[in-house]
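Enquirer: I have a structure I would like to understand better, so I am pasting it below and will then ask my questions one at a time.
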Amino acid sequence: MRHTRTAACSAALVLATACLVAAPGTGQAAPRTAPVGYVALGDSYSAGLGAGDYLPTGTNCKRSGRAYPVLWASAHKMAAFAFAACNHARTSDVLSGQLGTLGAGTRLVTLTVGGMDAGFGVVMTTCALGGTSRCLSAVAAARATVDRSLGDSLDRLYSAIRDRAPGARVVVLGYPHLYHLRGACEVGLQDTARAALNEGVDHLDALIARRAAAHGFAFADVRGAFAGHEICSAAPWLHSVDVLAPTESYHPTAPGQSLGYLPVLDRVS
């Protein structure tokens, strides 16, 4: 009931602001509009893919009324909130298509980004279908991509955010571990692959945290909040492989947004 009430009281505000930003992949730059107090940027983890209650924005961004930015804006009674995060967004998509509502009046910016740059989708598909050896190779390749190019991409994006919103507090949220090791799953990946995926998340989060700190941004680590609620735990807050809704696989559920991401944002914002 709490999720439903929060989404209902926020939906009109979200719908009024979401259309101000062009969706990644359209080839359109985000139009400059009147800056708003809170701007939520980033990828599917910030858009709320996996949480349901998707807003009719006319895009494939899969923005959810149960995503942590919507819940935070509602709880803090934000009168001006722009929900720009979008499914599949890379750093370049955020840079080119999501910054239009930032400005001198922006007081808070949140984002998750970097997973798609690292090849998250390819890695998870390989691990789900290709066996342990191929999974380990895919994780190693993703870690190499993170080391080779993600840092520079994050620097460009973070610099653009600071240039456009010089007075904002910027909170960069990380990614949770995907798997609870030695957990309740009797089928699927072996623990060797599960551990490698979790270590890949650690590697990604560490780079994001370092680059965020270099720009004076706060890094919000959600791994502790999700501990005991990963896939294969007794009470998971992440979707496992879902053949009926494949894009939602490996994304936070509604409790993952409200009980995982939201309290962490509250503590640092």
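Enquirer: Can you give the angle from 0 to 90° between the axis of helix 120-145 and the longest principal axis of the chain, with both taken from C-alpha atoms, to the nearest 10?
Expert: Between helix and principal axis, roughly 50 degrees.
Enquirer: Describe numerically, in nm with one decimal, the distance between label points set 7 Å from Cα along Cα→Cβ at Ala144 and at Thr132.
Expert: 2.2 nm
Enquirer: So if I place +1 on the C-beta of Lys and Arg and -1 on the C-beta of Asp and Glu, and nothing else carries charge, what would the dipole magnitude of region 2-268 be about its Cα centre? I want it in debye, nearest 20. Could the numbers behind the result be given before it?
Expert: Working: 22 positive and 18 negative charges, 140 e Å.
Approximately 680 debye in magnitude.
Enquirer: Taking all pairs of different Cα atoms in region 66-105, averaging 1/r and flipping that mean, what Kirkwood radius in angstroms comes out?
Expert: Working: mean 1/r = 0.0868 Å⁻¹.
For region 66-105, the Kirkwood estimate is 11.5 Å.
Enquirer: How much length would be gained if the chain were fully extended between Val122 and Leu181, taking 0.36 nm per residue of separation minus their Cα-Cα distance, in nm to one decimal?
Expert: Working: separation 59, 0.36 × 59 = 21.24 nm, distance 2.19 nm.
Extra length available between Val122 and Leu181 comes to 19.1 nm.
Enquirer: Amide H neighbours of Ala220 under 5 Å, counting only residues 5+ apart in sequence or on other chains, H built in-plane at 1.01 Å?
Expert: Under 5 Å from the amide H of Ala220: Val172, Leu173, Gly174.
Enquirer: With θ set to phi - 60°, apply the Karplus curve 6.51 cos²θ - 1.76 cosθ + 1.60 along region 60-68 and write out the HN-Hα couplings as whole Hz, x wherever there is a Gly or Pro.
Expert: Working through the residues one at a time gives 9, 6, 6, 7, 9, x, 9, 6, 4 Hz.
Enquirer: Please report, largest first and rounded to whole Å, the three semi-axes of the ellipsoid equivalent to the chain, where each semi-axis is the square root of five times an eigenvalue of the C-alpha gyration tensor. Walk me through the numbers before you get to the answer.
Expert: Values: eigenvalues 164, 86, 53 Å².
Listed largest to smallest, the semi-axes of the chain are 29, 21, 16 Å.
Enquirer: Using alpha carbons only, how many angstrom separate the centre of region 35-83 from the centre of region 198-213?
Expert: Comparing the Cα centres of region 35-83 and region 198-213, I get a distance of 24 Å.
Enquirer: Once Rh is set to the Kirkwood radius over Cα pairs, what Stokes-Einstein translational diffusion coefficient, in µm²/s, holds for region 114-269 at a temperature of 4 °C and a viscosity of 1.567 mPa s?
Expert: Details: Rh = 16.3 Å.
Value of D from the Cα-based Kirkwood radius: 79 µm²/s.
Enquirer: Can you tell me the order of 252-260, 224-232, 237-245, 106-114 when each peptide is scored by its average per-residue count of other Cβ atoms within 10 angstrom, highest first?
Expert: Working: 252-260: 22.2, 224-232: 18.6, 237-245: 15.4, 106-114: 24.9.
Output ranking for 252-260, 224-232, 237-245, 106-114: 106-114, 252-260, 224-232, 237-245.
Enquirer: R0 = 41 Å: FRET efficiency of Asp152 with Asp191, Cβ-based, nearest 0.05? Walk me through the numbers before you get to the answer.
Expert: Numbers: r = 34 Å, r/R0 = 0.83.
Result of the calculation: an efficiency of 0.75.
Any read-out appearing in this document is the output of simple, stated calculations on the displayed coordinates, not a laboratory observation. The shown structure was predicted, so the numbers you read here are calculated from the model rather than taken from an experiment. Positions of Cβ are backbone-derived with ideal geometry, glycine not excepted, and every protein chain shown enters the neighbour counts.
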